[in-house]
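Reading through the structure tokens given below for one structure.
The values are calculated or read from the model by the stated rules, or taken from the named source; none is laboratory data. Predicted, not measured: the structure shown is a model, and the values here were computed from it. Here Cβ is always computed from backbone atoms with ideal geometry, including for glycine, and neighbour counts include all displayed protein chains. These area figures cover heavy atoms from the full protein model, side chains too; ligands, DNA and RNA do not enter into them. Shrake-Rupley method; radii C 1.70, N 1.55, O 1.52, S 1.80 Å.
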Amino acid sequence: MKKNLLATGRTVLIFLVFFLCVTEHSPASRIIIQPLVAVQEAAMDPGGRLRIAPKVSASSRYDSNFYNTARDERGVFTYLMQPGIEMEYYTAKSSVTLGYTLDAYFYHDNDDVPIGQKDADEDDYVGHTFHFNVRTAPFAKLSLELDEIYFKTREESKADRFANDTSREKYYINRLTPGLFYRWNERFSSAARYRNTITEYDRESDASSKENRGIFDLTYHFSPLSSLTLDYQIWDRNYDVDISDYTSNQVELVYRKQAKHLGFEAGAGYHSRSFDDDSRDGTDTLHYHAGLSAQTAKSRGELVFEENYNDAVTADDFYKARKLNLSLGRTFGRYLDTGISGFYQMNDYEDWMEYRSDPENREDDIFGLSASVRYKFARWLALGLEGGYEDRDSNLDAYDYDNKFIMLKVDSVYDAVRR
């Protein structure tokens with residue numbers, strides 16, 4: 001089945017387009033700061049120069065297997081409070097966006113705690129979510145940008161989009177990305193960015209790391225709605241503990257096409273990774289991403305496939321991931337929004353046996369499905385309900401798990417200042 005799915009996936013050419021995510025109402029991804037307002041669009045909207053919006057969210061979620069274990073499953077309630085603020089400001093040549101929430105997590109065991117294990121409420125913590133972006137165009141063809149994202153969290157997915165770790169250790173991650181964008185003429189543009197990522201765990205024994213990445217793009221614009229980009233990235237990641245430091249080089253050719261209601265993006269390239277540890281062989285792979293998005297006044301949908309290596313690990317476990325995402329949403333009337341989303345991910349740990357005592361390399365199949373409904377009582381107040389299921393099937397039984405969840409959430413965002 002894996003070979004058939006891989007063969008199918010490799011016939012799909014690559015994607016990623018902005019869309020309204022159906023799962024954005026879940027606690028793990030509550031705050032998604034929207035992309036920076038384009039300078040040209042800001043200049044066309046004289047009534048939208050400044051927006052300040054305090055907000056607060058409260059949710060209650062139940063997980064049947066909170067710690068994602070193969071045995072001794074424990075049901076746990078999670079209570080989350082998130083006060084915060086959104087701010088946007090722009091002029092004809094510059095724009096600033098800022099978003100922040102304080103994320104207070106409280107846990108409560110629904111089942112008896114096995115002997116020798118800690119109570120769930122010992123993991124209570126206060127996290128933070130912060131995003132800041134400033135962009136300015138000092139000259140007609142030149143734009144400068146500074147982007148920063150900060151999380152203090154227990155969610156491993158904040159560190160890697162292919163995350164497969166079930167630990168709930170607390171850490172913070174900060175990504176700082178200055179960039180320069182230049183439009184040479186109506187056909188060609190280029191971009192150069194530097195990204196510094198610091199990941200710091202509370203426990204010194206965990207996998208704190210630093211990453212430095214250069215990102216370089218050269219784009220040919222067939223029209224205002226279609227383009228072809230040559231993207232090159234080089235980065236190194238260094239760990240504070242005994243995990244293999246590495247350097248990656250990645251080149252990719254990406255085609256993008258936007259229509260009135262449809263968006264398409266496809267790309268393919270080559271990724272080479274070398275490890276500082278001479279005893280560990282380097283790896284290389286062809287990588288892909290492809291997808292299609294659609295959005296109308298009432299409906300939205302997205303289908304995405306991608307294949308690549310994971311970047312961040314908490315143990316010396318690197319793998320190749322292949323992931324398929326599907327999301328669909330529909331709005332009924334002015335107040336009711338519904339959505340379903342699902343994903344399927346395959347992880348191949350190609351050198352697992354070299355670093356573990358297991359008799360074969362590890363392979364995981366992970367499947368998830370969720371459905372949500374959200375009702376907007378007023379312009380500033382909404383109530384949401386979401387439920388879902390996730391299952392990981394590994395060829396090594398110790399890494400199997402399944403989990404069911406249900407969540408109730410209240411969101412409130414009030415535009416205190418808008419002018």
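Amide H contacts of Asp276: Asp245, Tyr246, Thr247, each under 5 Å away and 5 or more positions distant or on a separate chain (H built 1.01 Å from N in the peptide plane; Pro and chain starts excluded).
Say the cut-off is 31 Å between C-alpha atoms; which of Lys260/Lys323; Lys152/Lys260; Lys55/Lys320; Lys141/Lys260; Lys260/Lys409 go over it?
Values: Lys260/Lys323 27 Å; Lys152/Lys260 38 Å; Lys55/Lys320 39 Å; Lys141/Lys260 26 Å; Lys260/Lys409 33 Å.
Violating the 31 Å limit, Cα to Cα: Lys152/Lys260; Lys55/Lys320; Lys260/Lys409.
What is the percent carbon and sulfur in the accessible area of the chain, measuring with a 1.4 Å probe over the protein chains and ignoring ligands? Using a 1.4 Å probe with all protein chains present, the chain comes out at 58 percent carbon and sulfur. Of Asp240, Asp365, the residue with the largest accessible area leads and the full order is Asp240, Asp365 (1.4 Å probe).
Protein-only accessible surface at a 1.4 angstrom probe places the residues Phe130, Phe377, Phe162 in the order Phe377, Phe130, Phe162, largest first. Note on the chain: helix-only mean residue ellipticity at 222 nm, from DSSP H runs of 4+ residues weighted -39500 (n - 2.57) and normalised by residue number, equals -1000 deg cm²/dmol.
Across the stretch 137-142, coupling constants 3J(HN,Hα) worked out from phi with the 6.51/-1.76/1.60 Karplus curve, θ = phi - 60°, read 10, x, 10, 4, 9, 10 Hz, and Gly and Pro carry x. Taking 45 Å as R0, compute the FRET efficiency from the Cβ-Cβ separation of Phe367 and Asn185 and round it to 0.05. My answer for the efficiency is 0.40.
Ranking of Phe139, Phe77 by solvent-accessible surface, largest first: Phe139, Phe77 (1.4 Å probe, protein heavy atoms only, all chains present).
Before I look further, what does the stretch 274-419 give for accessible area per residue, probe 1.4 Å, in whole square angstrom? Per residue, the stretch 274-419 has 50 Å² of solvent-accessible surface. By the rule of a C-alpha distance below 16 Å, with chain neighbours fewer than 8 residues away ignored, the aspartates and glutamates paired with Lys298 are Asp337. Could you work out which residue, out of Arg392, Arg379, Arg322, moves most in a Gaussian network model of the chain, that is, has the largest mean-square fluctuation with Cα springs under 10 Å? Ranking Arg392, Arg379, Arg322 by mean-square fluctuation puts Arg379 first. For Lys152, the solvent-accessible surface with a 1.4 Å probe is about 60 Å², rounded to the nearest 10.
Phi angles of the stretch 49-55 translate, via the Karplus equation with coefficients 6.51, -1.76, 1.60 and θ = phi - 60°, into HN-Hα couplings of 5, 9, 9, 10, 9, x, 8 Hz per residue; Gly and Pro are given as x. In order along the stretch 246-263, phi translates into HN-Hα couplings of 8, 10, 10, 10, 9, 10, 8, 10, 10, 9, 10, 9, 10, 10, 4, 10, 10, x Hz, rounded to whole numbers, per the Karplus curve 6.51 cos²θ - 1.76 cosθ + 1.60 with θ = phi - 60° and x for Gly and Pro.
Averaged per residue, the stretch 40-197 has 50 square angstrom of accessible surface, using a 1.4 angstrom probe with ligands and nucleic acids left out. Ligands, DNA and RNA aside, Trp235 has an accessible area near 10 Å² when probed at 1.4 Å. For Met81, the solvent-accessible surface computed with a 1.4 Å probe is close to 90 Å², ligands and nucleic acids excluded.
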